[in-house]
């Protein structure tokens, strides 16, 4: 580096310094490499104008109109006999159409963005842009408007697919590979911020793999200015390919502060393909409830690595038929390693319905592979187990591990809305100074398993505590259900 700088300085003199041929060639190569690396690291275009000109014809403004019924509630409260009583009555009658009956509905408009993905008129936008709309109008950069119809929507990823009928082929853009987008890459957003229309902003990818609230979230975070009205618009890479759909911003005041989120194109492509083919999404369904594996849970079950998805419940469905059990840790799905619950949910959702996949699970210190034929998530959602109450009876209580527990009685079944077949121990009270309280156990929880063995009595729990101590465990894994929802808790044995 110092020799190269020295050479650069010497070449500015009237009498150049003579260098050996080999050294001169080496320094020349070093300079060329340095310049190449410098240009590669900089990566900033001199202008975004060419890119903006290229992609603008495919970006659209979206205007929606929704009919909103007016409230029949009086808009003001006037005491009876007031001189303003007649005035308010006449005012409300005018709003109701003059007949004093049904209020006239009002029309509400909203603005958003979108982009054309095919010459025959398919348009992608956000679901929340068009949700509930009676009319959808698409405005094009080069002028003109066309009405659009909804082909399909996916609230889980906030994606909607629209269609317009045009007399000529439309300009369109293609999706890029969001998985190769790196933090620091230049990106450009275009859309209809605050109703300004066809506005361009540029920035970089600030972060990847952001999750907001959904099971299938995979957002690119960007500091390119995104405001209200940008929703549904495209986020482009420097090749003019769409790597994200602008969806949300993080802001205390509703305006851009440089934290925007775009749904990654590799998620959007799969959704759009299904909406185009079926008019709806068809996601794979494994049929398990899961939670992340923590360090104490891994220690309690003898798992060497903190990874995978811990199965907390197996309702009737594909996994139950394949032999997956509560307490299993799913380490691999269809040949892909499972790092946590989020990765498993996304991988399963992206897998074809009806496909037979191999699932590697960790169970009782060993691994085994099971074959599961996936169901369809959309058909399975909403199913809940039935519960039936029975006759009351007084439960016997026992204090153990910072918990006051009792066996399930008919009275407790009724109070906690437990199924007739439910078994285990009901938590009656929790010592607020105990580890159990710190781990979130509360009165009303039902402990159904300890050490991955089902519980029917306090003696069963004591037996599992003794077995854990004999095995040198520092904690005992409990399967706890609250309002029907299961989760595993690794409870330290010191409190017992």
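None of the figures in this text is laboratory data; all of them are computed from the coordinates on show. Because the structure is predicted, anything quoted here is derived from the model rather than measured. Cβ sites come from the backbone with ideal geometry, for glycine too, and all protein chains shown count toward neighbours.
Values as computed for the structure displayed
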| quantity | calculated |
| --- | --- |
| Estimated FRET transfer efficiency when R0 is 22 angstrom, pair residue 66-residue 350 (beta carbons, to 0.05) | 0.10 |
| Segment residue 257-residue 295, length gained on full extension (0.36 nm per residue, minus Cα span) | 10.0 nm |
| Cβ-Cβ FRET estimate between residue 180 and residue 474, R0 fixed at 56 Å, reported to 0.05 | 0.80 |
| Scattering profile of the range 397-495 at q = 0.21 Å⁻¹ [log10 I(q)/I(0), Debye over alpha-carbon scatterers] | -1.05 |
| Fewest-first sequence of 198, 278, 261 by Cβ atoms within 10 Å of each Cβ | 278, 198, 261 |
| Ranked by how many other beta carbons lie within 10 Å on average, peptides 201-211, 431-441 from highest | 201-211, 431-441 |
| Two-site label geometry, residue 421 and residue 438: point separation in nm, points 7 Å out along Cα→Cβ | 3.8 nm |
| Which of 263, 137, 188, 401 has the fewest Cβ neighbours within 10 Å, and the rest in rising order | 137, 188, 401, 263 |
| Distance between modelled label sites at residue 53 and residue 463, nm, 7 Å Cα→Cβ extension | 8.1 nm |
| Gain in span if fully extended, residue 282 to residue 304, counting 0.36 nm per residue against the direct Cα distance | 4.4 nm |
| Cβ-based exposure ranking for 179, 292, in which fewest neighbours within 10 Å come first | 179, 292 |
| Distance (nanometres) between label positions extended 7 Å along Cα→Cβ at residue 399 and residue 366 | 4.2 nm |
